[in-house]
1. Filter region A:415-444 for residues that are touching a Ser or Thr at 6+ places or on another chain (Cβ under 9 Å) and surrounded by fewer than 20 Cβ atoms within 10 Å (Cβ to Cβ); which is nearest to A:Leu463 (Cα to Cα)?
2. How many residues, within region B:20-47, are part of a helix (DSSP H, G or I) and among the hydroxyl-bearing types (Ser, Thr, Tyr)?
3. Do any strands (runs of 3 or more DSSP E) lying entirely in region A:312-406 carry at least 1 residues that are without any contact (Cβ under 8 Å) to a residue 24 or more places away in the chain, open to solvent by 50 Å² or more (accessible area, probe 1.4 Å) and of a type in the set (D, E, K, R), and which ones are they?
4. Condition first: away from chain B (no Cβ under 12 Å), closer than 30 Å to A:Glu55 by Cβ and either among the small types (Gly, Ala, Ser) or not in a helix (DSSP H, G or I) (or both). Can you find one or more residues in region A:172-187 that meet it?
5. Would you mind stating whether B:Ser2 is at pLDDT below 90, over 15 Å from the mean Cα position of the chain (by Cα) and open to solvent by less than 60 Å² (accessible area, probe 1.4 Å)?
6. From (1) at negative phi; (2) within 14 Å of another protein chain (Cβ to nearest Cβ); (3) surrounded by fewer than 16 Cβ atoms within 10 Å (Cβ to Cβ), pick out the condition that doesn't hold for A:Gly293.
7. Output the residues belonging to region A:138-162 that are assigned to a strand (DSSP E or B) and surrounded by 20 or more Cβ atoms within 10 Å (Cβ to Cβ).
Amino acid sequence: MPYDTDVAHPGQPSEGDASGPPAGPVRDASAPLLRATGLTKRFFGNAVLQDVDLELRAGAVHGLVGENGAGKSTLMKILAGVYQPDGGTIEIAGERRAFGHPVQAQQAGLATVFQEFNLLPDRSVAENIYLGREPRRGALVDTGQMQRDTAELLEGLGVSGLSPQTVVRTLSVAEQQIVEIAKAVSYDARIIQMDEPTAALAEHEVALLYGMVRRLQERGVAVLYVSHRLPELFELCETITVLKDGRHVATRPTTELDEATLVRMMVGRPMSAFFPDPVPGTEPGPEVLTLTGAGNGYVDGIDLRLRAGEIVGLAGLQGSGRTELVEGIFGAQPFTRGSVHLEGRPVRIGSPRQAIRRGLALVTEDRKAKGLALNQSILDNALGVVRAVFPGRTSTARGSMPGVLSSMAVAARGMDQEVQFLSGGNQQKVVLARWLSTHPRVMLMDEPTRGIDVGAKHSIYELMRQLAADGVAILMVSSELPEVIGMSDRILVMREGRLAGELPAGSSEEQILALATGADAGTPPGGDAA
Amino acid sequence: MSTATTTPTRRRAPVTSTGIVFIVLALTIVAGAILTAMAGRNFFSPGNISAILTGTSILGFIAIGQTLVILAGSLDLSVPYVTSLTSLVAGVIMAGQTSNIVLGVVVALGVSALIGLANGLVVTLLDVHGFIATLGMGLILAGYLATNYKGSAGSAPRDFRLIGATNIGPVPVSTLIMLGCAVLVILLLRRTRIGHHLYAVGGNREVARMSGLHTTTPVVMAHVLCSVLAGMAGLLLLARLSVGSPTIGAQGGYDLMSIAAVVLGGTVLAGGKGNILGTLGGVAIFAVMDNVMGVMEVNPFLKDVVRGVVIIAAVAVYARRTAGRPPRFGRQSLGDAALQEAR
């Protein structure tokens, strides 16, 4: 890898290992509650985790950062017993452990709150928490006891107003998160790892989560906290470990770190070099898409103008209505109010099909659920939209497909390979190919680089620049602020279903967040955009 | 219940699907009573009530079992053949002798349990979907029945026939036995671990596995119980007809009718959500409809059309209720709404 020169010898005992040299005496009087040494995991011969060390202490919150694909999830899954490591050891309270199954990890006092919730939506809070360990009286489940235990457990975590009998489906994401954490705690876990616990939470809910983490800390639980949101790590964690490309880069006390250093360690080069510059000669052209006072069940009062050759970033917190806005434009959640103009002509877009016919494209947030048919071939996926909407153009599109795919450097055995066997980055490129073959004028991209590796990200950015140069208007939803800042000609920020404001290129993360959270006192909340 | 410190903020849920089932049942009864009165008969006469209840018991047994299997995320298409087979096995063993009743019942139910066990093991261990596994089992049984029984066989002794003929007031004993089974199964689902685990495995097998459950046990149990209940239906048919019949199950169409009753009762076909009460409601709706259409002498073709419409309409209603995603920012948008109101 060309860009790890900035970082002190990944994988080797580096300056970052100072907090826990394998042989040396521990600085702290208390021995680590969890000590993982030399963890290695390979998939099909590729090392996704290589020789990683980690130490967690009782009553301490340990941050774990790294880009997507850096190995965080793999590390967590090894600790959780989902994967078995190909090398390395795990000790809990000084005792060697090997987990063949997640249940064994739980029994050893190590619980995991995964990003995708492991809850049964149609069962109650109590039934979910005590699933598999239902208290019994005689042969029967003691439902009363189960509810009392649950109430007590929630109370102990400082949660009020959540009835044990509530069916999980009716809970908000934050409440479901609470149930997940309560479930972890109910195993008497001494170690709890949390994967992006705030990813789906709104601002006021994040505070609730922080409170729970602190309570766990007071109880002497060791917390491994994985997050992309750097300010969170600085607020919560004593120590932060950085992973990159499956290797351990550094473990340092938070006090010795700042965000810039952390980002450099994660990315391996300064952020600025990461986003390609616009293709020379790219100029914003005429207005392509105009929304006036548009709204559906989720967003309202949207005024938006998109010009040819422009890349506009759409930022905002989870749940602020970004996805719903692009789905509104695309006719997936059609607007019920306001007007839409395409190249100056009023249009009504009532379904994705109509949107596609008018030259719109939507790269969906969840490519596996909405973007791709995983068990079909690359070619079938890439031609899916053209076949359905412009059947007359199918053979032309098929003819040009090899060129399109190779220009994006899709790594595959051939066009007949099933997309489920491709990496996330290559899958995303297939999604893009699918839309490029319709020659859209407006490209809506919802989290276009979520869950894909750095190299693939870079080529998607380059593709976006090229599309802009060709006069396509791009509206990009992204939760990754560096991406929004690095790619956008203008930045729109949403809050609570409305556009909270617009920022010029080169604005700072703080400015975006201020608009997104409403922290900016200058902007009255909500509706002034209407 | 819960300690006083928790302030329950359970959101006011709309009518549950079980609630809908019973509303529909009530409407069906009202409509049935009116139509029956128009035909010059009394819907609520003891004789008619008894006839309706008799109509519920056979399908009731099978639908209770089918509910278990569907909750577990599987399906059982072999039930009609199990029903036929048990009526024959028990009938042949009993051979008209009162002293053979117990043996006949035990062997018949034992055979059905084994068939259910085979279904369950194929589904769980060989990972064959229940639809296919039990379709295959159904074909095997159908072949066996067609080859070995050229027609009705065996004979139920008089004492055994009484089960099918005795009423307590207007309520047939067979219906009471069916309701007794329903109560036991409800208890199983609500108050035993394996019942809770059945919901868990049917809802999401991976979640169940990650919670440390044995994911095969509940599924196998559901299949065994489903077959045994189908066997009980076979015994009841034997008691009513006094002979075992190789085609009685297939004639009743109990495989698809039981699935229809389960779905009509609000149980999700994909598993993990639903209950026995709803299924009983579904069975009762069918029984009332059949009764009314019988009284009115509706032609059989139209009968099936009406049934079909009711099934599709019911499922469409449930689909509507669960359609759409949950609001992503429900509370904020409430605030938004308040803001708009204020303006």
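The values are calculated or read from the model by the stated rules, or taken from the named source; none is laboratory data. Computed from a prediction, not measured in an experiment: that's the story for all the values here. Ideal geometry is used to build each Cβ from the backbone, glycine not excepted, and the neighbour counts take in all protein chains shown. For accessibility, only protein heavy atoms count, side chains too; no ligands or nucleic acids. Shrake-Rupley method; radii C 1.70, N 1.55, O 1.52, S 1.80 Å.
1. It comes out as A:Met415.
2. Here the count works out to 2.
3. Qualifying strands (runs of 3 or more DSSP E): A:345-347.
4. Yes; the residues of region A:172-187 include at least one that is away from chain B (no Cβ under 12 Å), closer than 30 Å to A:Glu55 by Cβ and either among the small types (Gly, Ala, Ser) or not in a helix (DSSP H, G or I) (or both).
5. yes
6. (1)
7. Within region A:138-162, A:Val141 is the sole residue that qualifies.
Residue by residue, here is whether (1) more than 20 Å from B:Val262 (Cβ to Cβ); (2) surrounded by fewer than 19 Cβ atoms within 10 Å (Cβ to Cβ); (3) within 14 Å of another protein chain (Cβ to nearest Cβ) holds:
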position: B:Pro170; (1), (2), (3): yes, yes, no
position: B:Leu176; (1), (2), (3): yes, yes, no
position: B:Ile194; (1), (2), (3): no, yes, yes
position: B:Asn204; (1), (2), (3): no, no, yes
